[in-house]
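Take a look at the structure below.
The values are calculated or read from the model by the stated rules, or taken from the named source; none is laboratory data. None of these values were measured; they are calculated from a predicted model. A quick note on method: Cβ atoms are made from the backbone with ideal geometry, for glycine too, and the neighbour counts reach across all protein chains shown. The accessibility values were calculated without ligands, DNA or RNA, using every heavy atom of the protein model including side chains. Shrake-Rupley method; radii C 1.70, N 1.55, O 1.52, S 1.80 Å.
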Amino acid sequence: MLLLASEPQSVRAAREFLREHLEKHVPAASADHVDTCLLVTSELVTYSIRYGTEPGDHVRLVLDADDARTRVEVHDPVRRRPRRRPESAPRGRGRGLLILDTLCAGRWGVTDSPMGKAVWAEVKAT
């Protein structure tokens with residue numbers, strides 16, 4: 001588990017934490033699997049920071065990995081669920097849920113918690 005400040009720099013820290021976690025717990029993970037997990041983590045953390053926090057809030061990254069799959073969960077304090085937004089090429093936004101659908105083959109979702117929600121995704125090992 002990693003607690004992250006709700007600021008853009010936290011996305012990099014989340015990716016580093018994920019890479020270290022996979023190296024330790026699933027050393028045989030393929031480079032493709034690691035890259036996919038890094039992108040999924042970036043999308044989930046970015047989404048939570050952008051839409052699930054207020055200034056001064058934190059998000060929590062929880063990872064669970066084995067030889068079959070890697071599960072990434074990002075907890076934030078806002079109950080508002082992710083929703084598709086219109087794609088905005090100039091701002092580079094609006095593709096996050098499409099990316100999750102593609103990379104996770106629909107294995108992602110939202111779980112409510114007493115203090116907000118967790119958005120999770122599972123990446124099948126390749």
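Spin-label model, ARG69/ASP101: points 7 Å from Cα along the beta carbon direction are separated by 1.9 nm.
P(r) tail for the chain, what percent of Cα pairs lie past 23 Å? So the portion of pairs separated by more than 23 Å is 27 percent.
Simple rule: put +1 on each Lys or Arg Cβ and -1 on each Asp or Glu Cβ in the chain, find the dipole, and look at VAL62, VAL40, GLY116; the Cα lying farthest toward the positive end is GLY116. Among the protein heavy atoms of the chain, carbon and sulfur supply 52% of the accessible surface, probe 1.4 Å, non-protein parts ignored.
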